[in-house]
1. Starting from the exponent 0.38 and prefactor 2.2 Å, build the expected Rg for the stretch A:345-422 from its residue count and divide its actual Cα Rg by it.
2. Please report the spacing between the Cα centers of the stretch B:178-218 and the stretch A:292-343 in Å, no decimals.
3. Give me P(r) over chain B, computed from all C-alpha to C-alpha distances, binned every 10 Å, as integer percentages.
4. Output the direction-averaged projected area (hull surface divided by four) of the convex hull of the alpha-carbon atoms of chain A, in nm².
5. Roughly how big is the A-C contact, given as buried accessible area in Å² (both sides, 1.4 Å probe, nearest 100)?
6. From other protein chains only, count the Cβ atoms within 10 Å of every residue's Cβ in C:39-45, then give the mean.
7. Once you have all Cα-Cα distances for the stretch C:156-312, histogram them in 10 Å bins from zero and send the whole-percent values.
8. For the protein assembly as shown, place one equal point scatterer on every Cα, skip the solvent, and apply the Debye formula. What is log10 of I(q)/I(0) at q = 0.04, 0.05, 0.08 Å⁻¹?
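The values are calculated or read from the model by the stated rules, or taken from the named source; none is laboratory data. As the structure is a prediction and not an experimental result, all values here were calculated from the model. All Cβ positions, glycine included, derive from the backbone under ideal geometry; neighbour counts span all protein chains shown. These accessible areas exclude ligands, DNA and RNA; they are computed on the full protein's heavy atoms, side chains included. Shrake-Rupley method; radii C 1.70, N 1.55, O 1.52, S 1.80 Å.
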Amino acid sequence: MQTALLEMRGITKVYPNGVVANKDVHFSLRAGEIHAIAGENGAGKSTLMKIIFGMEEPSEGEIFIKGEKVRLQSPQDAIDRGIGMVHQHFMLVPSFTVAENMVLGMEPRRGVGINYAEAVRMTEETARKYNLAVNPKAKVEDLTVGMKQKVEILKALLRGAKILILDEPTAVLTPQETEELFRELTQLKEQGHTIVFISHKLKEVKAICDRITIMRSGRSEGVFQTADVTEQEISRLMVGRDVVLKYDKETAPDGGPVLTVEQLNVNDQQGKALLTDISFAVHGGQIVGIAGVEGNGQTQLIEALTGGLTGVSSSGAVKVKGKDILNSSLLDIRQQGVAYIPEDRMRQGAAGEASISDNLISTRYRSKEMNRGLFLNGSKIAALAASLVEEFKVRCSGPAQQIGMLSGGNMQKVVVARECSTGPDLLIAEQPTRGVDIGAAQFIHKKLLELRQAGSAVLLVSADLNEILEISDVLLVMYEGQIVASFEKPSAVSEEELGLYMLGIKRQNERQTGEATEHV
Amino acid sequence: MFKSKYFEVIRTTAVIVISLAIAFLIITLVSDHPVKTIGIFLLEPLSTKGHIGNVVEMAIPLMFTGLAVSLLFRANMFNLGAEGIFYFSGVVTSVLAIHLTLNSWLHPLVAIAAGSIVGALLSAIPGILKAKWNANELVTSLMFNNILFGIGLYLLNYHLRDAKAFANVSYKFEKTAQLSKIFQGTRIHTGLIIVVVLIVLAHLFLYKTKWGYELRMTGINREFARYSGMKTAKVIIMVHLIAGFIAGMGGSVEVLGMYSRFQWTSLPGYGLDGALVAMLAKNNPLSVIASALFLAYIRIGADLMSRLSDVPSEMISIIQAVIILLISAEQFLKFWKNRMLLKEAKEA
Amino acid sequence: MNSLLNVILTTDFAFSVLRVTTPILFAALGALISNRAGIINIGMEGIMLVSALAGVIVSSYSGSAWVGLLGAVLAGTLIAGILAFFTLQFKTHIILGGVAINMFASGGTVFLLYLLSGDKGSSTSLPSKVLPSIDIPVLKNIPVLGPILSGHHILTYLSIVAVFVVYYLLNRTPLGLRIRSVGENPHAAQSVGVSVVKIQYMALLLSGFFAGLGGAYMSMGYLSLFTRDMVAGRGWIAIAAESMGRSTTVGTALTSLLFGAADALSNALQVLKIPAELIATLPYVATVIGLVIYAVSETRKKNRKVKSPVVK
């Protein structure tokens, strides 16, 4: 067997806050291949790549390049060894020109100053060599996303990268740009480059990758020839639900419409449509799921429902129990009986340095029952916290523990406990089980179903197909800011079929979606 | 076996030990009789009632500003304006102490209340600028320190100055305005009672009321607070008002408790010391008492040392700098915590 | 009013503007460099103070003003280095680090002064040296311009040269490009192998270097000795000037000159019985107003975008 171009053995990474991002990961890269790393959000792909690129040092484990053991302590070490990386969030300085960004860190000199003409020439030369056209004198802040990505790739190539790591490169691209990128990558491969392609889009992985390493919750689940595995197998390893989620769903009585969205349109500052003619309703005792590839308007939809729209213009109506809440504050919306599980528990959902108990009361500390005169009612709060920790099986040393010390799953249980326990009329759940272990995820699903049974309306936005197909009563699919499909028996819909709608290959006509949504 | 959760306690202890060690080192290098000098530095503050009194007197203003800064830091507001407010409220109180005629109950009450309210209002300005327009509260508060100092000094020199006095000081305060001493043989004044009550109130406020809860959550994660429905802009303005009130009261109390004339011709430094007290107290109101006493203790120790030996008291500012640099150093001893975490993660 | 104009419209006044601007300008350039690298160094005041003392001590022991200048600049750079070490290595909060430096300087300089001279107030007993002032041939004979521009302290001329040097450094050199990239998007800099910590070290050291020049000027030009707390807020004015100058070299230099003029004016206005204490607050008031205007306009800009009508 040939020596691997790059090999990582037994990589473990523990972050200072105690999060274990990689656990005993093995990874090996052959020269001249396009190698995919697939895994869910939070599976540890990005951390692994940061380690290869010298941005993080592993807590344990070894890295070999061409059989030689190396320590990569900074990106410069990685660059020196021919490793280049194209980050998901572009690593460009917006106020600089393309040429300035290209040469940053390796500036050609004339005397003590920068030789700007030479920088432009170097940019043009690299662009020509790899057939990636850019304008060296344009300011980066004025470029399109696809252009910026080209600059990123060129930056790596200019620095002599032989191994090119691309972190979710297609997430931000239009289909045309994606195709162009694939052509470019294939060309680079032919020129002898090795490419690591991080993605969770299986079709893309199948389309251009030779091999695939699958990661799940910080561990490697194995390496395969892409040709030898089916998408189903990959997705099974990735998602890791060997047991398909099945829940006994009793039928809940229809409680009538709780949330109605009518002709909602949202445009950004430039007038580009983010949401177009969105109409649907969620009834009491019903879970409506919204599926879609991330970045197709789900975020804006949630923002419109939770008072979070900023920097955009909107029209239409969003009603909770008949009251328009489109431009209300989240506090007012909450007072209408709305609860909200946010997508990002670290950013919004929890206060990391506060106790579990403090996190549990954040949406109800104002209420009469939590206060006694001027003071918070300590014993009531303690009793509530203890009972929620118990009911939601939060594994912790007690309600006084800092929530930041908990694992992702337990932290999320606290968030879900807080939102579900107020007996909301409407629960908006945004990626409620993202980055959460399977046990916690199933537990959260059961809680959502219990809430439905109790007559609440639930709007579930999720990128997890398994979840959304199993627990939704009605499924809507979003693509480019529109609802393109609507299903009344989601569990009967195949993932393949759903994929066609999610990727915009198929769409129901207006009568069909209209019928279904009206039916809702 | 140490656990990572005791980390903060151990680190604070380590900082204090290191800073004292540096103090001893400096003394050893400078003094002709190092052992004796260290003895004075460490023990002399406890040697007489008067000296103990000095420590407590010194701790009073530090508790005020330490408490004010603690609350601001709790709300994640980087505002160092306590310095200017402490000074300016002292001026305001002095004006009333000189010109009002009231009985000895009302006089200090009115003078201190005025100083505190002025402090609160002045402090609110950077708060409002921050909350409404996101103007950097650090820069505005630092600029305010200098502005308030300039105006205060102007008032002293042009309106309060007693031409008959030999130094640049104000007219004498009315006797009725001055705070009474509460321990014989010391100059400890009723300000001690005021500040301890204030600290207890702040503790209750911070941990036992919904407003304190909002303050803490906003400080830990403003996004989370907003998501939970809190009006974080209001919280920010509120904490500025409270902190300004406390810092202003500190200046007022200090002036009436320790002096018979206003005589600060430069910023007294208690505001920035307050940042140090707050850091040592980890922004906990009750801990402010201990950390202010500690700082006061080493300062009085240094003062006595300079009087009784050959080492100047300014040594203490070097020690204070070391404490600040280390106590706010996230990475200090962090390697040790990381090792603990790795171990704990493996065991789990 | 007339007497005011009589004071301002003299070559003496213009001369004194340049004289008092020098330390502010040096420190403001230093603050500019560290700010462009994304770190606010509020220890300028303290660094200047330490350098002022170092200049006096070194020049009196070496007998040479030039060696003294070197000592002052090295001391400033060293203090900035300590600040950099703690903030970049130990992750001490940069603002608190700056507070610590200022605290250290205000007491530490007195401590050292006392040990060396037995005096806590000033360095009169130390035979320190002063850097020379220079008459510029030809220029000095031109009416009006001559008396204003010629005969200044050598560091005053250097401060003007420094404006051009800093401009070139930030905008035309590799180090400047890196400093700006680190300040604007540190991740971008890091991703191409530019060590953010190293660049921030460089920027902080440079800020200490310039503050050191400002400090040297204070005790070896503006005055000929060290006195307790002699920097008297110039470090803060410099930070204010940088902030008002919106972090550009030209803006910083012009604002420094403006604040220098305000400083010179406060001396002049004493003639008119306008309190110097109030004039001294002008730079700070101007900075707060400038900051608020900027913050408000930024907020307005955002709001305007929100209120634009729906385009369907």
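1. Numbers: Rg = 11.7 Å, N = 78, 2.2 N^0.38 = 11.5 Å.
Against the compact-globule rule of thumb, the ratio is 1.02.
2. Centre-to-centre distance over Cα atoms comes out at 43 Å.
3. Histogram of Cα-Cα distances, whole percents per bin: 6, 22, 30, 26, 12, 3, 1, 0.
4. Values: hull surface 108.0 nm².
So the Cα hull casts an average projection of 27.0 nm².
5. Working: alone 23940 and 15650 Å², together 37180 Å².
The contact between C and A buries close to 2400 Å².
6. Numbers: counts 0, 3, 0, 4, 0, 0, 0.
Taking all residues of C:39-45 together, the mean is 1.
7. 9, 27, 31, 20, 9, 3, 1, 0
8. -0.26, -0.41, -1.03
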